[in-house]
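Working notes, beginning with the structure itself.
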Amino acid sequence: MLKTIAVAMLVSAAGLMTAYAQGGGKVTVVTSFSKDVTDPLKAGFEASNPRFTLDVQNKSTSSGVKYLDEIKANNQVDLFWASAPDAFDSLKGKNLLAKFTPAVTGLPDKVGSYTVNDPDGFYFGFAASGYGIMWNERYLEANGLVKPAEWSDLTKPEYFDHIAIAAPSRSGTTHLTIETILQGEGWDKGWGTLKAMGGNLQQVTERSFGVPDAVNSGQTGIGVVIDFFAFSAQASGFPVGFAYPSVTTVVPANVAIVTNAPNRKGAEAFINYLLSEPGQTVLLEPSIRRLPINPALYAKAPEGFPNPFKDARFQSMIAFDADVSKKRTDVVDTLYDQLITFQLDNLKAATRAIHDTEIALAAGENAQARALLDEARGMIAAMPISADQAASAEIGDAFTGGDQKTARQAELEQQWAAFATEKYAAAKAKAEEALALTQ
């Protein structure tokens, strides 16, 4: 019996290797994209390359990076496919990506201010992505809210409990949004904005697509999202809108071949398909609505569809620094969790107290109350570490990126959580003291 099984396994393996040698077989891709994105591209790829089948394994960007590192000694994955460029830079630095020269030529070198492809040929942009604010039109009307346009709008009292965001530790696209705000506004001001927004949050979801789902359904009114979530929802008939704030960026979404890919030919075929005109055209389908990296495809786009190669607003977006992001990714994500995600109730209580005082002061200014309120805001905005510390080896080396935390990482998390608890409680007390002075 064992001999029969062994022979069957050898025959199966031989058949698989023959399929690969002839240009066929299973192509395994790890991706953060939802089925709404992957299913149409899978169908188009398999129709154009009938000898191949695409096996899609869905993981968050951070989980995908960790997974490829964990299985590198016995890799069974051919491709990594996601939005966050710093994730690809991290994989490249760990020698987990393979060089390749696509067959498709003539595509642009840059989108906005960002280089489309890795200059060393390890990963390739297939679409452009921008980050901003999505809203449900009916929800805003029902709640008497105006359409937000800037991140600072989301810090205002009227948006309290009306906003959703995904945890950046669970979503590569949200990490990019957080990092973009920090780079665009600076470390201290950026965290002040993020925590002021955080105090208005209704929920923090575990995956990025949980945010547009909540906005589409009217469960919440506003979401911090990557642009294509809003565009595909609009194409599907949901009453939603979207705005790019002035502090945002546009970067390429990427695809790469994994080192020691078992089906290298299939991986190459998939990248060539994604970059080809048929593959780029699929990006415009209503269920996807991503910004193609081929400028010629915008002639086929629906009216009003953004064009990052022509629209002036894209040229003024900030230049995202992937190297800065890479050095502090785990630190930034952990800070967000310890200061916002896991402290949401405390942060919201302090924020609500500040909003109540602000509303009272609008009816009659009080200098002493205003001074106390400014102190409260400063307590919420305070950070336990500086930008230099976040990028330093002293702190960064404590975060391995693996499932097992180092003792130093656990210690830092406890310190940051205690810092947030103390600051938010003090801020709430200050705001309540200020409110009492307005009575």
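The values are calculated or read from the model by the stated rules, or taken from the named source; none is laboratory data. Just so we're clear, the structure is a prediction, and the values are computed from it rather than from any experiment. Every residue, glycine among them, receives a Cβ derived from its backbone with ideal geometry; neighbour counts consider all protein chains shown. To get the accessible areas, we keep the full protein, side chains included, count just its heavy atoms, and leave off ligands, DNA and RNA. Shrake-Rupley method; radii C 1.70, N 1.55, O 1.52, S 1.80 Å.
Observations, loosely collected:
- Each 10 Å bin from zero up to the one holding the largest Cα-Cα distance in region 295-350 carries the following percent of pairs: 19, 23, 21, 27, 10, 0.
- Rounded to the nearest 500, the helix-only mean residue ellipticity at 222 nm of the chain stands at -15000 deg cm²/dmol, with each DSSP H run of n ≥ 4 adding -39,500 (n - 2.57).
- Using θ = phi - 60° and Karplus 6.51 cos²θ - 1.76 cosθ + 1.60, couplings along region 338-353 (whole Hz; Gly, Pro as x): 6, 9, 10, 3, 7, 10, 4, 4, 5, 5, 5, 5, 5, 5, 4, 5
- In this label model, THR115 and SER246 are separated by 3.0 nm, measuring between points 7 Å along each Cα→Cβ vector.
- Using a cut-off of 24 Å between Cα atoms, the listed pairs LYS66/LYS326; LYS35/LYS110; LYS35/LYS327; LYS35/LYS310 include LYS35/LYS110; LYS35/LYS327; LYS35/LYS310 as exceeding that distance.
- P(r) tail fraction, region 339-439 - alpha-carbon pairs more than 19 Å apart, %: 52 percent
- In degrees, nearest ten, helix 264-275 long axis to first principal axis of the chain (Cα): 60 degrees
- The chain, Cα convex hull volume normalised per residue, Å³: 160 Å³
- Label point distance in nm, ASN75-GLU141, each placed 7 Å from Cα along Cα→Cβ: 5.2 nm
- Rounded to the nearest 20 debye, the dipole size of region 265-398 about its Cα centre is 520 debye, using +1 on the Cβ of Lys and Arg and -1 on the Cβ of Asp and Glu.
- The equivalent ellipsoid that matches the C-alpha gyration tensor of region 45-131 spans semi-axes of 21, 19, 14 angstrom, in descending order.
- Sulfur and carbon atoms: percent of accessible area, the chain [1.4 Å]: 52 percent
- For the chain, the longest principal axis of the Cα atoms and the long axis of helix 187-198 meet at an angle of about 80 degrees.
- Folded to 0 to 90 degrees: helix 407-437 orientation relative to the chain principal axis, Cα: 30 degrees
- Proximal aspartates and glutamates to LYS195, defined as alpha-carbon separation beneath 12 angstrom and excluding residues fewer than eight positions away on the same chain: ASP337
- Taking a straight line from the alpha carbon of LYS265, these lysines sit under 17 Å away, with near neighbours fewer than eight places off in the same chain left out: LYS26, LYS42, LYS99.
- Between ALA418 and LYS99, the simple spin-label model (points 7 angstrom out along Cα→Cβ) gives 5.0 nm.
- Exceeding the 31 Å Cα-Cα cut-off - candidates LYS59/LYS156; LYS59/LYS94; LYS189/LYS430; LYS94/LYS348: LYS59/LYS156; LYS94/LYS348
- Counting only aspartates and glutamates at least 8 places from LYS147 when in the same chain, those with an alpha carbon closer than 13 Å to its own are GLU137, GLU158.
- Net dipole in debye of the chain [+1 Lys, Arg Cβ; -1 Asp, Glu Cβ; about Cα centre; nearest 20]: 1240 debye
- Relative contact order for region 213-340: 24 percent, from Cα pairs under 8 Å spaced at least 6 residues apart, divided by residue count.
- Dipole of the chain, positive direction: furthest Cα of ALA299, THR105, ALA407, with charges on the beta-carbon: THR105
- Rg then Dmax, both in Å and based on the Cα atoms of region 210-364: 20.5, 71.
- LYS405/LYS59 FRET efficiency (R0 25 Å; Cβ-Cβ; nearest 0.05): 0.80
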